[in-house]
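Trainee: Got a structure for you, questions after.
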Amino acid sequence: MAKKVQKKELGKGIRALLGNIDEKVAEDASQVVKTLNSSIVEIPIDSIEVNPFQPRSEFDQEALEELTVSIKTYGLIQPLTVRRLREGEYQLISGERRLRASKKAGLKEVPAYIRIANDQELLEMALVENIQRKDLNAIEVAISYQRLMDECALTHEALSDRIGKNRSTVTNYTRLLKLPPEIQKSIKKDEISMGHARALAGMNDIALQISVLRKIQDEGLSVRATEDLIRRYQSPPAKKATGSEPNPAYLRMENTLSDHLDTKVKIKTVGNSDKGVITIHFDTLDEFNRIIDQIED
């Protein structure tokens with residue numbers, strides 16, 4: 001039988017702090033934050049409402065069941081993070097999967113860090129914490145990046161500094177949100193990698209994007225092979241050699257003009273049209289004047 005984890009009681013100091021927290025914040029907000037951030041307290045699970053800014057909407061049910069079994073056996077090891085709304089009421093900042101599993105496990109109270117935050121700070125903390133997860137798919141990361149920029153008024157540079165990533169990383173992820181829904185769905189299902197997705201995002205033609213996606217799925221193309229295929233699609237078609245001989249009439253006229261003007265003359269047609277260019281060569285100004293005199297005569 002697993003050893004029952006002993007519940008940590010809420011200390012009198014923390015209880016007193018939560019009881020008149022508004023006054024304490026007014027007196028010394030930094031000290032309140034420091035105290036709460038270093039304290040893990042047990043709070044009733046029914047007093048926690050779900051975070052309305054939770055960026056994650058899908059949870060693996062099998063993984064959720066495994067976590068539920070673990071919590072039944074060992075208790076909730078990693079505390080939740082919540083903010084106090086009012087006396088006896090809290091809102092989740094991070095840890096929705098742990099909260100769901102704790103409810104399934106039948107817990108009445110859960111360990112938590114209590115923070116003070118306005119809605120924007122709440123959103124930012126939830127998103128930044130969510131981005132650090134290792135089991136997020138690329139689309140979930142991209143959505144979190146985009147929401148941070150849109151709702152917290154962050155630029156690409158500011159966001160890259162905030163999360164410790166290169167600016168190019170932020171850009172590569174957010175570009176995925178411009179891909180067609182079919183490709184985004186394939187990314188979420190882990191049918192194609194981030195490398196495949198980044199290559200597809202570099203194309204502007206939706207029909208070609210879908211065509212390349214089909215080839216990746218059907219032929220199991222590597223990222224390198226996908227990039228080579230896209231380059232072939234995007235490269236302009238090579239001009240076909242016609243193999244036709246120059247028009248004999250033009251050649252005769254070139255020779256006639258060259259003999260008459262005593263200089264090199266070239267006649268070139270434009271495509272398959274009747275238009276063309278006659279080029280008369282000269283090497284010096286004196287030769288130019290001589291040619292002009294002959295044309296005028």
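Every number here is computed from the coordinates shown, using simple stated rules; none is lab data. Keep in mind it's a predicted model, so treat the numbers as computed, not measured. Note that we place each Cβ from the backbone using ideal geometry, even for glycine, and neighbour counts take in every protein chain shown.
Trainee: How would L107, L148, L251 line up from fewest to most surrounding beta-carbon atoms within 10 angstrom? All intermediate terms of the calculation are to be shown ahead of the outcome.
Mentor: Numbers: L107 20, L148 23, L251 12.
Listing L107, L148, L251 from fewest to most nearby Cβ atoms yields L251, L107, L148.
Trainee: Report the gain in length on full extension from K266 to K72: 0.36 nm times residue separation, minus Cα-Cα distance, nm rounded to one decimal.
Mentor: Result: 60.8 nm gained on full extension.
Trainee: OK, next. What is the spin-label model distance, in nm, from K189 to R224 if the labels are put 7 Å beyond Cα along the C-beta direction?
Mentor: Distance between the two pseudo-spin positions: 2.8 nm.
Trainee: Could I have the simple spin-label model distance between T256 and E296, label points 7 Å from Cα toward Cβ, reported in nm to one decimal?
Mentor: Taking the two extended label points, one gets 2.4 nm.
Trainee: State, in angstrom, two size descriptors of segment 179-235 derived from its alpha carbons: Rg to one decimal place and Dmax to the nearest whole number.
Mentor: Cα-based Rg and Dmax for segment 179-235 come out at 9.9, 31 Å.
Trainee: Among T269, T81, T279, which comes first, second and so on when ranked by fewest other beta-carbon atoms within 10 Å?
Mentor: Working: T269 13, T81 22, T279 10.
Going from least to most buried by this count: T279, T269, T81.
Trainee: Sorting L64, L159 on the 10 Å Cβ count, fewest up front, what's the list?
Mentor: Fewest-to-most ranking of L64, L159: L64, L159.
Trainee: Just the Cα atoms of segment 248-296: what Rg and Dmax do they give in Å?
Mentor: 12.0, 36
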